[in-house]
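Asker: Here you go, one structure.
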Amino acid sequence: MQIIKQNLPVTLPNFCNLGIMLRILVLVDAMSLLAALARSSGSWWQEVLVISALVQPVLLASLLALCLLRRWLKRLPYHLGIAAVLLLTTLITTLVAVAGQNLFSGSGGLPLALDRYWLFSLAATGTVLYYLHLRNRALSPAITEARLQALQARIRPHFLFNSLNAVLSLIRSDPKRAEQTLEDMADLFRVLMADNRQLTTLEKEVALCRQYLNIEQLRLGERLYIAWAIDKMPREALVPPLVLQPLLENAVYHGIEPRTEPGEISINIYRSRDEVHLVIRNPYLGDDKHHGGNKMALDNVGERLKLHFDAEARLDASIHGNTYQVHITLPYTTSE
């Protein structure tokens, strides 16, 4: 069994991510409100207006600059990246404060005192970076790593046992197919047992899923029909590894195995503007107890989508008559 690593790589957040931006806006505005309440001796809302007049331009300009420089910041070591972010926000604070000197000095509110602005800017930036660092660690603790490894390595014993029996039955009658199936099983287990925290291309993920479904089709025969709709699939798009395979395993286990008649699993993958959509459908039996196990895979995939893409990714599971559907939406990103 693979050893679970607890020393996860530490990196700066993606400052272009919508969820990250919203969290920074809320946190900095909350700190501004607290600073205004601490300074006010009467009309606290006037203090809020005075502080916001400086904080909001600095905040928006900093977010824009960090988003534009994200590729350069990503190449820096983490501690140098932190220093660069602090230096950048301090520089923007200075420029905005000097540019608005006349406005602030004539408002009767917060005086032009760069040392105070710098102190607030450094405190707010440091607090935001520390919060995002803690959040990243909270999404990837040892317990989540353990759940991920368990999910990746959990190819059900009955699947392995039945697949090996199917291969044995083919050794004499169709040795080439038996050999190909063993190669598919080896590739599948190699990926399942690997360290899968880095994003992979959609093309590789689909290739792995094809190998998995080939094994299942050998075992289930005509009971399993696969319908691929991937003509519009962006092959270069980056996705979390094993984002589809656990869902397809669920589709086979919950939608096909309980049935006596043939069933269809459809996979539709396409790009719409700056989003990638992955839709999986399988037969649904309302009175089947198998469906109780769906939640583990869905929760795990949802956690990894949140870790990599934050609020920009969504996972929706729904039932439409006799069909169970899982729809994943994530931002279109590439290695370039």
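The values are calculated or read from the model by the stated rules, or taken from the named source; none is laboratory data. This is a predicted model, so every value here is computed, not measured. No Cβ is skipped: glycine too gets one built from the backbone with ideal geometry, and neighbour counts run over all protein chains shown.
Asker: Residues to consider are 252, 191, 206; find the one that is modelled with pLDDT of 80 or more, within 25 Å of residue 317 (Cβ to Cβ) and touching a helix residue (DSSP H, G or I) at 6+ places or on another chain (Cβ under 9 Å).
Answerer: Sole residue among the options that is modelled with pLDDT of 80 or more, within 25 Å of residue 317 (Cβ to Cβ) and touching a helix residue (DSSP H, G or I) at 6+ places or on another chain (Cβ under 9 Å): 252.
Asker: Have a look at 298, 305 and point out the one that is part of a helix (DSSP H, G or I), modelled with pLDDT under 90 and more than 9 Å from the chain's Cα centre (by Cα).
Answerer: Exactly one residue qualifies, and that residue is 298.
Asker: OK, next. Just to verify a result, which residue in the range 20-66, among those that are surrounded by 16 or more Cβ atoms within 10 Å (Cβ to Cβ) and among the small types (Gly, Ala, Ser), is nearest to residue 98 (Cα to Cα)?
Answerer: 53
Asker: May I pose another question? Name the pairs whose Cβ atoms lie under 7 Å apart, with the first residue in the range 43-66 and without any contact (Cβ under 8 Å) to a residue 12 or more places away in the chain, the second surrounded by fewer than 19 Cβ atoms within 10 Å (Cβ to Cβ) and in a helix (DSSP H, G or I), and 6 or more positions between them or separate chains?
Answerer: 44/37
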